[in-house]
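The values are calculated or read from the model by the stated rules, or taken from the named source; none is laboratory data. All values derive from a computational prediction rather than experimental measurement. Methodologically, a virtual Cβ is constructed for each residue, glycine included, from the backbone with ideal geometry; neighbour enumeration extends over all protein chains shown.
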Amino acid sequence: MNETFFSIKEYVQRILYEPGSHGFDHTLRVTDLCHTIGMKEQANLDILIPAALFHDIARPVEKKTGIPHEKEGARIAGEYFTSIGYNDPYIPLIQHAIEAHRFSSDPVPVTLEAKILSDADNLDAIGAVGIARTFISSGERNSDIPDAVSHVYEKLLKLKDLMYTQTAEEIAMKRHNFLLYFMSVLENEIK
């Protein structure tokens, strides 16, 4: 998996070269979280890690065309993994994990690997990194602090209750508590 992992990583990095709230650094953090959670939950890393690396591969396509990145990303992953001769039975499982990772769309994750990818992606949206990404995202939309605060209340504070795995629940609780603390300080400062 090591040589294949590095070639997959390089391929994804060439596509996700632009910085931002869903840049390559986000992909790497999600992949690291998937590895950590996957080891504890005994997931198949030969499915999970490629899915994590590819989970946002179609973000640039979505930005240009409006096609949901999770759907297009699953399609791109299928083509890519077939082209490199990756383990055929794993390809549909990788595609399912990519297609089911998004907080706000169907399908729901049914495999352990898809559940872990969803958990890891949601975990990267809360805690200190999640706060930073929220403000980056607000700036990307030419918006302001109240927009970022709204996003925290509309989405981020709900994420701890949406974890599928025990390992992710434990991580989420710590990050959620930090998010609550940050919001109380922020609200005090902007009154």
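(1) surrounded by 19 or more Cβ atoms within 10 Å (Cβ to Cβ); (2) in contact (Cβ under 8 Å) with a residue 24 or more places away in the chain; (3) assigned to a helix (DSSP H, G or I): which one isn't true of S138, the others all being true?
All conditions are met except number (2).
Return the residues of segment 1-16 that are modelled with pLDDT under 90 and either exposed (fewer than 14 other Cβ atoms within 10 Å of the Cβ) or not aromatic (F, W, Y) (or both); say none if nothing qualifies.
M1, N2, E3, T4, F6
State the number of residues belonging to segment 150-191 that are within 14 Å of A132 (Cα to Cα) and within 16 Å of the chain's Cα centre (by Cα).
Adding up the residues that qualify gives 2.
Which residue is surrounded by the most Cβ atoms within 10 Å (Cβ to Cβ), if the candidates are limited to segment 154-173 and must be assigned to a helix (DSSP H, G or I) and touching a residue at least 60 places away in the same chain (Cβ under 8 Å)?
A168
Considering only residues of segment 141-153 that are of a type in the set (S, T, Y) and assigned to a helix (DSSP H, G or I), which is surrounded by the most Cβ atoms within 10 Å (Cβ to Cβ)?
The selected residue is S150.
For segment 1-31: of the residues being in contact (Cβ under 8 Å) with a residue 40 or more places away in the chain and among the charged types (D, E, K, R), which is nearest to D119 (Cα to Cα)?
Among those that are in contact (Cβ under 8 Å) with a residue 40 or more places away in the chain and among the charged types (D, E, K, R), it is R29.
From the list H151, H176, H101, H96, which residue is touching a Lys or Arg at 6+ places or on another chain (Cβ under 7 Å) and touching a residue at least 12 places away in the same chain (Cβ under 8 Å)?
Selected residue: H176, the only one of H151, H176, H101, H96 that is touching a Lys or Arg at 6+ places or on another chain (Cβ under 7 Å) and touching a residue at least 12 places away in the same chain (Cβ under 8 Å).
With the requirement that a residue be surrounded by fewer than 23 Cβ atoms within 10 Å (Cβ to Cβ), under 17 Å from I57 (Cα atoms) and without any contact (Cβ under 8 Å) to a residue 40 or more places away in the chain, what does segment 74-93 give you?
Those that are surrounded by fewer than 23 Cβ atoms within 10 Å (Cβ to Cβ), under 17 Å from I57 (Cα atoms) and without any contact (Cβ under 8 Å) to a residue 40 or more places away in the chain: R75, I76, G78, E79, F81, T82, S83, I91, P92.
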